[in-house]
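The values are calculated or read from the model by the stated rules, or taken from the named source; none is laboratory data. Worth saying up front: this structure is predicted, and the values here are computed from it rather than measured. In this analysis, Cβ positions are derived from the backbone assuming ideal geometry, glycine residues included, and neighbour counts consider all displayed protein chains. The area values use the complete protein model at the heavy-atom level, side chains included, leaving out ligands, DNA and RNA. Shrake-Rupley method; radii C 1.70, N 1.55, O 1.52, S 1.80 Å.
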Amino acid sequence: MTADISTPTSSSEPGAEGYRQFTLGQFTFRRDEYFAYVGWPTGSHVMSVDAFLRAIQRDIAWDFFYGIVNFDGVIGTTNHYGTVDLFAGRYNESYRKAELDYSELIDTPIIREQFKAVLDDWTNQTFDPFASPHETGPAFGVKNGSNTDAVTRRRVAADRMVNLPDDEELRTDENGNPVNRMFLDVAQDQPLVEVEPGFEKEIAAFNLFGYLSRSQVTWNPSVVSVCRDSLFCPTTEEYILPIIHGNDRVEWFLQLSDQITWEVEDRDTGHVRSRVVMKAGDVCAMPADIRHQGYSPKRSMLLVWENGNPGLADLIASGQAPTYPAEF
Ligand code: PHB
Ligand code: FE
């Protein structure tokens, strides 16, 4: 069932545990000490609230990302770049067969603002949804302050490249980015670049490993270089990717350090397709018809290479471009 209505939003006064309840169209959202509850006209769903907050944090920070952001096997969003489907059971074979799936098409600014309000109200001062579980306090309990600075962190998105004049700056101790506890062995020296006069705004270099060793967040790719539609989006990972990403295009992974195991499933049914174990130096391409979730037992460095071409998703969906990257 799909509803395409004007999608009014609202929020009510706090319930017994101190958290507000929210609606988006006919979806309802409430939390208690341990769980987030999502309701819709044909069903309801429950998630651990820490997992829910980690997922909604990524969905907001990435502005609904490429394709599908599954919070788990039931709830999630599909980006139509201007509008967003909020769905329940849409990519779950059992819900589909039982005709219990439900979705609503919502203008992006409306769902963005309501999701931000949910995240801000439901995140206590002890919890940082971007941090690894080892580096944050609990998400649970009755309402206990807020952590607005953490949940509104700006994602790094370079126009050309980090460290070029007028673009994103390097991370340092001084600007609040100490080296992470797991990357204390990463060299911090910077390359020496001798620029021909007149090219000062065009030529630069930086130590990417040093840069990543100072990332304060996990599972949050930042854009460090842009060349037309080619986006280099490295990130540091620890524990579990808080969402299951359904691709609408091919993306490449370069494992820069340590190890991540990827569980890869069919995007539409959730059927298992493969498990990919990536060790430092491994490269793989994730097809455009899968969904995947990564597991990183130690903090690791991953380069996600995205094709930002705005026409690509439609070309692949209509069969004019393949779901895989190369013919062997
Ligand atoms: C992905 O879905 O491809 C993805 C998302 C976030 C990450 C890494 C990979 O940190
Ligand atoms: Fe992905």
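Filtering Asp314, Asp282 for residues that are away from ligand 1 (no atom under 12 Å from the Cβ), over 24 Å from Ala157 (Cβ atoms) and open to solvent by 30 Å² or more (accessible area, probe 1.4 Å) leaves a single hit, Asp282.
Being assigned by TED's automatic domain parsing to the domain that holds Glu113, touching a residue at least 24 places away in the same chain (Cβ under 8 Å) and not charged (D, E, K, R) is the requirement here; does Thr77 meet it?
Taking the combined requirement at face value, the residue satisfies it.
Summed over the stretch 296-326, residues that are closer than 19 Å to Tyr211 by Cβ and not charged (D, E, K, R) total 7.
For the stretch 252-267, check the following and say yes or no: at least one residue is closer than 25 Å to Phe52 by Cα and part of a loop (DSSP other than H, G, I, E, B). There is at least one residue in the stretch 252-267 that is closer than 25 Å to Phe52 by Cα and part of a loop (DSSP other than H, G, I, E, B).
Only residues that are surrounded by fewer than 23 Cβ atoms within 10 Å (Cβ to Cβ) and within 14 Å of ligand 2 (Cβ to nearest atom) were counted across the stretch 68-91, and they come to 2.
Residue-by-condition table, conditions (1) without any contact (Cβ under 8 Å) to a residue 60 or more places away in the chain; (2) open to solvent by less than 50 Å² (accessible area, probe 1.4 Å):
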| residue | (1), (2) |
| --- | --- |
| Pro138 | no, no |
| Thr148 | yes, no |
| Val151 | no, yes |
| Arg155 | no, no |
| Arg160 | no, no |
| Glu168 | yes, yes |
| Pro197 | yes, no |
| Gln216 | no, no |
| Ser222 | no, yes |
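Where strands (runs of 3 or more DSSP E) fall entirely within the stretch 43-107, those with at least 3 residues that are out of contact with any Ser or Thr (no Cβ under 7 Å at 6 or more places or on another chain) are at 43-48, 75-79.
Can you tell me which residue in the stretch 1-42 is nearest to Asp85 (Cα to Cα), limited to those that are in a strand (DSSP E or B), open to solvent by 50 Å² or more (accessible area, probe 1.4 Å) and at pLDDT 95 or above? Quick ask: steps written out before the conclusion?
Pass one, the stretch 1-42, residues in a strand (DSSP E or B): 2-3, 9-11, 22-24, 27-31, 35-40.
Keeping just the survivors that are open to solvent by 50 Å² or more (accessible area, probe 1.4 Å) gives 2, 9-11, 28, 30, 35, 37.
Next, from what is left, pick out any that are at pLDDT 95 or above: 28, 30, 35, 37.
Details: Thr28: 15, Arg30: 20, Phe35: 23, Tyr37: 19 Å.
By that ranking, first place goes to Thr28.
The residues of the stretch 237-273 that are farther than 22 Å from Val74 by Cβ and more than 16 Å from ligand 2 (Cβ to nearest atom), listed by number, are Glu238, Leu256, Ser257, Asp258, Gln259. In this structure, is Val276 within 13 Å of ligand 2 (Cβ to nearest atom) and either of a type outside the set (Lys, Arg) or open to solvent by 70 Å² or more (accessible area, probe 1.4 Å) (or both)? Judged against the criteria, Val276 is a match. For the stretch 234-251, taking the residues that are assigned to a strand (DSSP E or B) and among the β-branched types (Val, Ile, Thr), the one that is surrounded by the fewest Cβ atoms within 10 Å (Cβ to Cβ) is identified as Ile240.
Here is a check on your reading of the model: is Arg275 more than 15 Å from ligand 1 (Cβ to nearest atom) and at pLDDT 95 or above? Taking the combined requirement at face value, the residue satisfies it. Yes or no: Arg58 open to solvent by 10 Å² or more (accessible area, probe 1.4 Å) and basic (Lys, Arg)? Considered against the rule, which asks whether it is open to solvent by 10 Å² or more (accessible area, probe 1.4 Å) and basic (Lys, Arg), Arg58 comes out as no. Is there a residue in the stretch 288-302 that is open to solvent by 10 Å² or more (accessible area, probe 1.4 Å) and within 11 Å of ligand 2 (Cβ to nearest atom)? For the stretch 288-302, residues open to solvent by 10 Å² or more (accessible area, probe 1.4 Å) and within 11 Å of ligand 2 (Cβ to nearest atom): present.
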